[in-house]
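The block underneath contains the structure these notes are about, expressed in structure tokens.
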Amino acid sequence: MIPHWEWIIEWFSRKEGHLHGIEDIYYIGNTKYQHVAIVKTGSFGKALFLDGFIQSTEYDEKIYHESLVHPVMLTSENPERVLIIGGGEGATLREVLRYKSVKKVVMVDIDDELIELCKKYMSEWNQGAFEDPRVNLIITDGRKYVENTKEKFDVVILDLTDPEKGTPGVYLYTKEFYEKIYSILGDDGLMVTQATSLRYYIFGFATILNTIRAVFPITRFYNVNIPSFSSEWGFVIGSKEKDPLDILSKEGKKKLEKLGDLYFLDAEALDHLFWIPKYIRRSIEKYKEISTDENPLELGLMDKTPMA
């Protein structure tokens, strides 16, 4: 019999979970904001768990981070100033810094302890990105930063945890927050957010999409399969002027080649990101809700219902 401590059970819903065999433990403990486990799993290699949920794994973090960053960065004509909110592992930062046009990246994260743990135990993710002279790391609440900054950005990337019930993160998915993002973007600026699971949280994804549509004149959503998340994962772009589908079809592939040899994303994968299966599109269309400060989107384990 294998001792209990050699396993982590990750609950996807009230009826479904994933049992992760743990081969090695690098760190388990608490920061001021969350429970952190950095371990080596049998199936996905080194992995970061926050409050019991996988956030990033050695096996497929590049799939997630390349998909989050590059469609919006490739759509921007010449991104020089980029804001990242969240992304404590430093991998989102790593991908943004591939762009030679980028002159400054402001990265805002509330949990400085987590960042230090990621620097120490997950250097494969950040690959020295925190030491790049273009980076300004600010430890504060992302909402507070956006409400108070006087800076303007070409691109804003929201690499956030899901809007879980009882957490301040729910206010990083509201109409009022996206209006603040809109106000700190340049005239042709764009934003992108991770937008949760298309399998377990289709209502949550649809609400995030509807909320961004209420603020930005152009919105596009896309998805990618993340094996360690056991789901297709959703992303939403909000744009002031440029249509990502138009720009990426005309210029994206040529721009992509200049980034060098990526792990996951190539011209074929870039096209496929924006293909959404019919049954998912129909499910999204059922929901009309938007998230507001008064009535924010709040997701919990009991809300997770796999789509039929």
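Just so it is clear, none of the values below were taken in a lab; they were calculated from the coordinates. Worth saying up front: this structure is predicted, and the values here are computed from it rather than measured. A quick note on method: Cβ atoms are made from the backbone with ideal geometry, for glycine too, and the neighbour counts reach across all protein chains shown.
Relative protection proxy for 53-62, 246-255, from highest mean packing down: 53-62, 246-255 (other beta-carbon atoms within 10 angstrom). DSSP beta bridges fully contained in the chain are about 65 percent antiparallel. As a length-normalised measure over Cα pairs under 8 Å and 6 or more apart, the relative contact order of region 61-298 settles at 23 percent. Candidate cross-link partners of LYS40 among the lysines, defined by an alpha-carbon separation under 20 Å and a same-chain spacing of 8 or more, comprise LYS62, LYS119, LYS120. Shape class for region 1-89: prolate, because the ratio a/c of the largest to smallest gyration tensor axis (alpha-carbon atoms, square roots of eigenvalues) is 1.5 or more and a/b beats b/c. Placing +1 on the Cβ of every Lys and Arg and -1 on the Cβ of every Asp and Glu, with no other charges, gives the chain a dipole of roughly 660 debye about its Cα centre. Around the amide H of VAL135, modelled in the peptide plane, lie the amide H atoms of VAL105, all under 5 Å away and 5 or more residues distant in sequence or on another chain. Please name which of SER76, LEU160, PHE130 has its Cα lying farthest along the dipole of the chain towards the positive end, using unit charges on Cβ (Lys, Arg +1; Asp, Glu -1) and the Cα centre as origin. Farthest along the dipole direction, towards plus: SER76. Summary of the geometry: region 11-33 and region 189-214, compared by the centres of their Cα atoms, lie 25 Å apart. Each residue in THR193, THR31 was given a count of other beta-carbon atoms within 10 angstrom of its own, and listing them fewest first yields THR31, THR193.
Over the chain, dividing the summed -39,500 (n - 2.57) contributions of all DSSP H runs of at least 4 residues by the number of residues returns a 222 nm mean residue ellipticity of -7500 deg cm²/dmol. Dipole orientation for the chain: of the candidates SER197, GLY21, HIS35, SER197 has the Cα lying most toward the positive pole (charges on Cβ; Lys, Arg +1; Asp, Glu -1). When only Cα pairs below 8 angstrom with a gap of at least 6 residues are kept, region 58-199 shows a relative contact order of 28 percent. When only Cα pairs under 8 Å and 6 or more residues apart are kept, what is the percent relative contact order across region 1-136? It rounds to 16 percent for region 1-136. Couplings 3J(HN,Hα) of region 270-286, computed from phi: 4, 4, 5, 3, 8, 8, 10, x, 4, 5, 6, 4, 5, 5, 4, 5, 5 Hz, in residue order, whole Hz [Karplus 6.51 cos²θ - 1.76 cosθ + 1.60, θ = phi - 60°; x for Gly and Pro].
For the residue pairs LYS15/LYS253; LYS242/LYS278; LYS100/LYS250, the C-alpha atoms sit more than 32 angstrom apart in LYS15/LYS253. Within the P(r) computed for region 61-298, what percentage of the Cα pairs occupies the region above 24 Å? Beyond 24 Å sits 40 percent of the P(r) for region 61-298. In a reduced charge model with +1 at each Lys and Arg Cβ and -1 at each Asp and Glu Cβ, region 138-204 shows a dipole moment near 220 debye about its Cα centre. Computed from backbone phi, the HN-Hα couplings of region 222-234 come to 8, 8, 8, 7, 10, x, 6, 8, 6, 6, 6, 10, x Hz, rounded to whole numbers (Karplus: 6.51 cos²θ - 1.76 cosθ + 1.60, θ = phi - 60°; Gly and Pro given as x).
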